[in-house]
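*Asks:* Got a structure for you, questions after.
The values are calculated or read from the model by the stated rules, or taken from the named source; none is laboratory data. None of the values given here were measured: they were computed from a predicted structure. Every residue, glycine as well, gets a Cβ built from its backbone with ideal geometry; the counts of neighbours run over all protein chains shown.
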Amino acid sequence: MTEPVQIVRRIGGNLAQALRWALARAILPRGRGLWISLRLAPPLDEIAAPQLSLHPQPTLFEVLQILDAAGRDAGVDGIFVDLVGAPADWSRTQSLRRALSRVRELGKPVVVWAERLDERGLLLASAATQIWLPEAGQVFLLGVRAETFHLRDLLAHLDVRPEVVRIGSHKTAGEIFTRSSMSPEQREQLDALADAWFGALVDGIAAGRGLEPERVRELIDRGPYTAPAALAAGLVDACVYPDEIERRLDALTPLPPAQRDGPRRAQRVDARTVHALRGADPRWRPLLCEIPRIAYVVARGAIHRGSGSKGIACEALGALLERVRRDESVRAVVLRIDSPGGDALASDLLWRAVSQLRREKPVVASMAGVAASGGYYLASAADAVLAESGTITGSIGVLGGKLNLEGLYRRLGVGRDGVERGARAGLLSEARTFRADERRALRDEMSALYAMFVERVARGRGLSAEAVERVAQGRVWSGSRAAALGLVDGIGGPLEALAKARSLAGLARDRVRVTLHPRHARLPTLAALLRNAR
């Protein structure tokens, strides 16, 4: 792009900023009484899917940005959260809870209203100043349960024989096909995860509600609760119907001494409107240079070879990382990973792409709900790795195999035959079992992949191969345990990862732009922003 074109683009950005400021003065309340109204409903996705909607759901990153900006905005008097439901995993819930807690710590009231709260919902809401439910509302505080499916008996009934080869004593993903109940190794892992999740639940509610942890455990054992019972137990603050919200927000609105005797007017404005007009831009753009950027790259789903928009496609993500590497305006990268793993070759190719990117600019890996197996493989190539305490991570191991359908074909009267050239040409055929030499060959190949996985992690994390081997064997860990073992650098979510990336790149907070990748335009219209502001 030529320099004159860049100058014109920056002038356009400054004109857009001037328009935002003018609209903010016309739309947003002046003086006191501005409450940001935020509706949280699952799924709270990592990145927006392409859609045409006048009321698109915010992504997790957008919500975190909104809360971060609102906490620092002197013109914002409070946050009102209409909590339809918490995210489906502990990691995103913990990231949101921390963001709400920061707003509260900065002296702004935070109110959560919900019709019903489950465990993660109450954990999130406990960061608020006030929790309100209608009188017929419920608090389903029951504890933590982790379950697994097992299909061995069903497959046996169908004469299907699973052929599973694993490297790692705790690489248990194949047990869904080979067992009818948990193995001791799987139970050991899930017990540890349940302990981590339950501990985070108890500690978070205790801290937010001013209760002793032992008291919270007692309340969990006695759940669920009606709204009045939850109020009596100290889990919520009031029973409030929707038509009573405005009056109660008026009473919570902080006012200067000269205005305290006058009418209080709490005005709720849609969070995305406020953020678009006041909090989403690094102000004026200099004409002769580019504002430095941090690329926030989302990698979610199973890792596979090829291209496409489903999961983590090796070609698509690799090409994106290469474009980011070559973009001189990008000074640092946050790689947000939410993946249980997938294809070993694709994982290694992407590990190489992250490694090449790291040579030229800082890369911080931010783990979402799951960053295991190939997902952790990618993270290990980054300069720094952050996870929430509830993140599932690790699973340094290799798994492979096939389903032998020979018996099912025979039962169905299906004939399958063929000719072969090569001693192991039928290794992948689903119409017969592995021969002993084929199984040995497959295990040898997978053992080599496992050794390479361990070496990659050791190199990326600055550990010895022996130290990695002790925490490998396919075992999954909670984020908090992974931090203690050196698999991650600390506890944090997207905002902490951004702060780390800024620090590594030497960037000032208020003079950096964050760009999301991959980009999907959702086309929110100005008319929608204006309508939401009413």
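*Asks:* Which ones in the range 358-386 are surrounded by fewer than 23 Cβ atoms within 10 Å (Cβ to Cβ) and of a type in the set (A, V, I, L, M)?
*Replies:* Those that are surrounded by fewer than 23 Cβ atoms within 10 Å (Cβ to Cβ) and of a type in the set (A, V, I, L, M): 370, 384.
*Asks:* Select from the range 322-347 the residues that are among the aliphatic types (A, V, I, L, M) and over 11 Å from residue 298 (Cα atoms) and write down the one among them that is nearest to the chain's Cα centre (by Cα). Spell out the reasoning first.
*Replies:* Filtering the range 322-347 for residues among the aliphatic types (A, V, I, L, M) gives 324, 330, 332-335, 337, 344-346.
The next check asks that each one be over 11 Å from residue 298 (Cα atoms); those that pass are 324, 330, 332, 344-346.
Working: 324: 21, 330: 23, 332: 20, 344: 23, 345: 25, 346: 22 Å.
Checking each candidate, the answer is 332.
*Asks:* Name the residue that is farthest from the chain's Cα centre (by Cα), counting only residues in the range 166-194 that are of a type in the set (Ser, Thr, Tyr) and part of a loop (DSSP other than H, G, I, E, B). Steps first, please.
*Replies:* From the range 166-194, those of a type in the set (Ser, Thr, Tyr) are 169, 172, 178, 180-181, 183; that's our starting set.
Subset that is part of a loop (DSSP other than H, G, I, E, B): 169, 172, 180-181, 183.
On the way: 169: 28, 172: 23, 180: 31, 181: 30, 183: 29 Å.
Step by step, filter the range 166-194, then rank; the result is 180.
*Asks:* Follow-up question, since we're still on this one. Name every residue in the range 83-136 that is among the small types (Gly, Ala, Ser) and surrounded by 18 or more Cβ atoms within 10 Å (Cβ to Cβ), in order of residue number. It would help to see each step written out before you state the result.
*Replies:* First pass over the range 83-136, keeping only residues among the small types (Gly, Ala, Ser): 85-86, 88, 91, 95, 99, 101, 107, 114, 121, 125-128, 136.
Passing the criteria: 85, 86, 91, 95, 99, 101, 114, 121, 125, 126, 127, 128.
*Asks:* Among the residues that make up the range 401-415, is at least one of them under 30 Å from residue 479 (Cβ atoms) and of a type outside the set (Ser, Thr, Tyr)? Break it down into steps so the answer makes sense when it comes.
*Replies:* Taking the range 401-415 first, the residues under 30 Å from residue 479 (Cβ atoms) are 401.
Add one more test, that the residue is of a type outside the set (Ser, Thr, Tyr), and what stays is 401.
Yes.
*Asks:* For residues in the range 340-386 being in a strand (DSSP E or B) and not hydrophobic (A, V, I, L, M, F, W, C), which is farthest from residue 318 (Cα to Cα)? Lay out the reasoning, then the answer.
*Replies:* If we filter the range 340-386 for residues that are in a strand (DSSP E or B), which is where we start, we get 342, 363-372, 384-386.
Narrowing further to those that are not hydrophobic (A, V, I, L, M, F, W, C): 342, 366, 369.
Numbers: 342: 15, 366: 18, 369: 22 Å.
Selected residue: 369.
*Asks:* Would you say residue 163 is in contact with a strand residue (DSSP E or B) (Cβ under 6 Å, 6 or more places away or on another chain) and surrounded by fewer than 24 Cβ atoms within 10 Å (Cβ to Cβ)?
*Replies:* Values: in contact with a strand residue (DSSP E or B) (Cβ under 6 Å, 6 or more places away or on another chain): yes; surrounded by fewer than 24 Cβ atoms within 10 Å (Cβ to Cβ): yes.
Judged against the criteria, residue 163 is a match.
*Asks:* Picking from 54, 96, which residue would you name as being modelled with pLDDT under 95, out of contact with any strand residue (DSSP E or B) (no Cβ under 6 Å at 6 or more places or on another chain) and in the same structural domain as residue 254 (by TED's automatic domain parsing)?
*Replies:* 54
*Asks:* Then there's this: Name the single residue, out of those in the range 186-206 being touching a residue at least 24 places away in the same chain (Cβ under 8 Å) and within 18 Å of residue 472 (Cα to Cα), that is surrounded by the fewest Cβ atoms within 10 Å (Cβ to Cβ).
*Replies:* Here the answer is 192.
*Asks:* Moving on. Take residue 466 and tell me if it is under 30 Å from residue 379 (Cα atoms), among the acidic types (Asp, Glu), surrounded by fewer than 19 Cβ atoms within 10 Å (Cβ to Cβ) and modelled with pLDDT of 95 or more.
*Replies:* Values: under 30 Å from residue 379 (Cα atoms): yes; among the acidic types (Asp, Glu): yes; surrounded by fewer than 19 Cβ atoms within 10 Å (Cβ to Cβ): yes; modelled with pLDDT of 95 or more: yes.
It is true that residue 466 is under 30 Å from residue 379 (Cα atoms), among the acidic types (Asp, Glu), surrounded by fewer than 19 Cβ atoms within 10 Å (Cβ to Cβ) and modelled with pLDDT of 95 or more.
*Asks:* Something else now. Does residue 145 qualify as being in contact (Cβ under 8 Å) with a residue 12 or more places away in the chain, more than 26 Å from residue 101 (Cβ to Cβ) and of a type in the set (Lys, Arg)? Show your work before the answer.
*Replies:* Values: in contact (Cβ under 8 Å) with a residue 12 or more places away in the chain: yes; more than 26 Å from residue 101 (Cβ to Cβ): yes; of a type in the set (Lys, Arg): yes.
Yes: the conditions hold for residue 145.
*Asks:* Going by the conditions given, is residue 400 surrounded by fewer than 24 Cβ atoms within 10 Å (Cβ to Cβ), assigned to a strand (DSSP E or B) and not charged (D, E, K, R)? Please lay out each step first, then the result.
*Replies:* Details: surrounded by fewer than 24 Cβ atoms within 10 Å (Cβ to Cβ): yes; assigned to a strand (DSSP E or B): yes; not charged (D, E, K, R): yes.
So residue 400 passes the test.
*Asks:* Residues that are in contact (Cβ under 8 Å) with a residue 24 or more places away in the chain, under 22 Å from residue 341 (Cα atoms) and among the hydroxyl-bearing types (Ser, Thr, Tyr): list the helices (runs of 4 or more DSSP H) wholly contained in the range 422-525 that include at least 2 such residues. It would help to see each step written out before you state the result.
*Replies:* Details: elements: 436-461, 465-471, 479-485, 494-505.
Per the criteria, 436-461.
*Asks:* Can you tell me which residue in the range 128-139 is nearest to residue 198 (Cα to Cα), limited to those that are in a loop (DSSP other than H, G, I, E, B) and touching a strand residue (DSSP E or B) at 6+ places or on another chain (Cβ under 7 Å)? Steps first, answer last, please.
*Replies:* First pass over the range 128-139, keeping only residues in a loop (DSSP other than H, G, I, E, B): 128-129, 134-137.
So of that shortlist, the ones also touching a strand residue (DSSP E or B) at 6+ places or on another chain (Cβ under 7 Å) come out as 128-129, 134-135, 137.
Details: 128: 20, 129: 23, 134: 27, 135: 28, 137: 24 Å.
Ranking the candidates gives 128 first.
*Asks:* Turning to a different aspect of this structure: Please work out which one of (1) surrounded by fewer than 23 Cβ atoms within 10 Å (Cβ to Cβ); (2) in contact with a Ser or Thr (Cβ under 6 Å, 6 or more places away or on another chain); (3) of a type outside the set (D, E, K, R); (4) in a strand (DSSP E or B) is the condition residue 389 fails and give its number.
*Replies:* Failing condition for residue 389: (4).
*Asks:* Hey, residue 411 hits all of (1) surrounded by 11 or more Cβ atoms within 10 Å (Cβ to Cβ); (2) free of Cβ contacts under 8 Å to residues at least 60 places away in the same chain; (3) out of contact with any Lys or Arg (no Cβ under 9 Å at 6 or more places or on another chain) but one; which does it fall short on?
*Replies:* Looking at each condition in turn, residue 411 falls short on (2).
*Asks:* For the range 403-421, give me each residue that is within 30 Å of residue 450 (Cβ to Cβ) and not in a strand (DSSP E or B). Break it down stepwise before answering.
*Replies:* Initial filter on the range 403-421 (within 30 Å of residue 450 (Cβ to Cβ)): 403-406, 420.
Of everything in the range 403-421, those that are within 30 Å of residue 450 (Cβ to Cβ) and not in a strand (DSSP E or B) turn out to be 405, 406, 420.
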